[in-house]
1. Out of 503, 516, 530, I need the residue that is in the same structural domain as residue 426 (by TED's automatic domain parsing), more than 17 Å from residue 408 (Cα to Cα) and touching a strand residue (DSSP E or B) at 6+ places or on another chain (Cβ under 7 Å). Which one?
2. Taking the condition of being touching a residue at least 60 places away in the same chain (Cβ under 8 Å) and either assigned to a loop (DSSP other than H, G, I, E, B) or more than 14 Å from residue 540 (Cβ to Cβ) (or both), how many residues in the stretch 483-504 meet it?
3. What are the residue pairs meeting all of these: first residue in the stretch 29-45, first residue on the phi > 0 side of the Ramachandran plot, second residue assigned to a helix (DSSP H, G or I), Cβ atoms under 8 Å, and 6 or more apart or on different chains?
4. Got a sec? Which of 374, 313, 343 is out of contact with any helix residue (DSSP H, G or I) (no Cβ under 7 Å at 6 or more places or on another chain) and not assigned by TED's automatic domain parsing to the domain that holds residue 16?
5. If you take the residues of the stretch 631-654 that are surrounded by 12 or more Cβ atoms within 10 Å (Cβ to Cβ) and closer than 23 Å to residue 568 by Cβ, which of them is farthest from the chain's Cα centre (by Cα)?
6. Take the stretch 554-588 and flag every residue that is surrounded by fewer than 16 Cβ atoms within 10 Å (Cβ to Cβ) and either at pLDDT below 95 or assigned to a loop (DSSP other than H, G, I, E, B) (or both).
7. Of the residues 409, 396, only one is free of Cβ contacts under 8 Å to residues at least 40 places away in the same chain, in contact with a helix residue (DSSP H, G or I) (Cβ under 6 Å, 6 or more places away or on another chain) and assigned by TED's automatic domain parsing to the domain that holds residue 378; which?
């Protein structure tokens, strides 16, 4: 058993390099914990530079892995083996934290012994991800049923037995709609109509918030005199953090890029969480080549390094998902891989941990769209990353005055409140870019007079052509670039400047009359504008971010950059190098630190992007905006001094990075 007295004296330190140690072990597995050795277990993580390991009290199969009289204890776990207790004690002896995992809505044991607790569809079929009764797949429990009390009893036992815990990780906590007798009764009591999908969704959200508060209060009550132990509810939408952070002391982002999340998910969600939560945050990827369950696989070291460095660059701490073999022995090959990457991350930490990520641009998104970015969200993140602009993803209620430029993507609807705040922001000297339909209200009129546009309704053409004029034509040919997505027609109001002219085709392509393979050729340049500048505001009549997210045409990104530079002539960072170079600027103490990441995810299999190589950077020019000449400029780790000059408020230097990541440190 862990020493409670010793644990109470420990000062809470948020972990830097974590492991999420899966242990979903079915009842048919015969030798749980057979080869477990506490010292070997702990020594493996210590050698791999790990400072926190999330260990299992209860898995998706509903079985328990500690000394308990409850019947859910795994049937193959030896009666004299307190696996969880010995794991915690061994980890604590070497200075490693051990938060405790319990599965919530996935519990095979409870589902099989209490089928009345299952979540049901409106057709009264059990919720099982669309699978048949004969498919091996997780059954889903209804949290409005007595199962919630059943789980509370398990949690209470864990809290009493292992107090003070280092944290509780509750998994599979999404909003689960149900039409069980428990759910229908609960909806009726609250005045909802169970026949309406929107009422079922609202009730599911309320049930989730109810049990989140309940379980949070249980953890808090068990640790009133101990070091702060947080509870994390996994699988919740991060776009609800402005409401749900009251239940939390920290945030965790689960993102396995090769496991369905993709490489666009983390940059989007991390920038949102960073701007909203104001809580310590860790994010974990996985060592698996694909996803959870791909247990006998390893991803390339370059991929794991890229993902961990990307987490570090967003001002967060990192984690790697693993699965412990049922016999209880960590696999040496796994921790050789993780150890090499974590050794590098540990060497970077002194330069950045505790630092502040700096952003000049706010991209205002609609939280109701959820964590998965829309095409416009993907387009914004990819374009701004590739242009090396420093930006946050923010909800509409964010205070905008700390940003020098605000971008409103096409998928963000501007209501009256946001309209007033944007107007005030512009009048206070801020700069604004509004894209496509976000520029118009429900009546099709401009959301702000300050945009300097006149709307003439939706374009009758699915494809139009963009003719950029000075001062936004740099890097673009004298050419009508096709716009693949429909926009609206607009002209410049008095005093406003037309930046992009719209060419229109001979006619709209239909089955009755068409020309060519895909869209009708351009006829002539019309009187309508594709982008208009009025003071500090630029409006796009076309969905330029959505189009970039869907089609990745470089001319859209170049045009966007030219417009941004009109409004933001002094960016924090200017660099050369390939478009895959990702950058983040941080301030720590008297230093400015620039993360330089140069890796390239490639589509090498259907639905799977992977990273196997770094992209070398050789003598790439970098300029960083700083207030005064620096005392020293160097690359880390290890520290390698660089020659530099200081001109016009920028430090100018050149960097060579051959292994995918480095920190450019400017000491002032």
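1. Within the list 503, 516, 530, the selection yields 503.
2. Qualifying residue count for the region: 2.
3. 33/83
4. Matching residue, one of 374, 313, 343: 374.
5. 646
6. 569, 570, 576, 578, 579, 580
7. After applying the criteria, what remains is 396.
Residues checked against (1) part of a loop (DSSP other than H, G, I, E, B); (2) under 27 Å from residue 552 (Cα atoms):
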position: 378; (1), (2): no, yes
position: 383; (1), (2): no, yes
position: 399; (1), (2): yes, no
position: 419; (1), (2): no, no
position: 465; (1), (2): no, yes
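The values are calculated or read from the model by the stated rules, or taken from the named source; none is laboratory data. Only a predicted model underlies this, so the values are computations on that prediction, with no experimental measurement involved. Backbone-built Cβ (ideal geometry, glycine too); neighbour counts: all protein chains shown.
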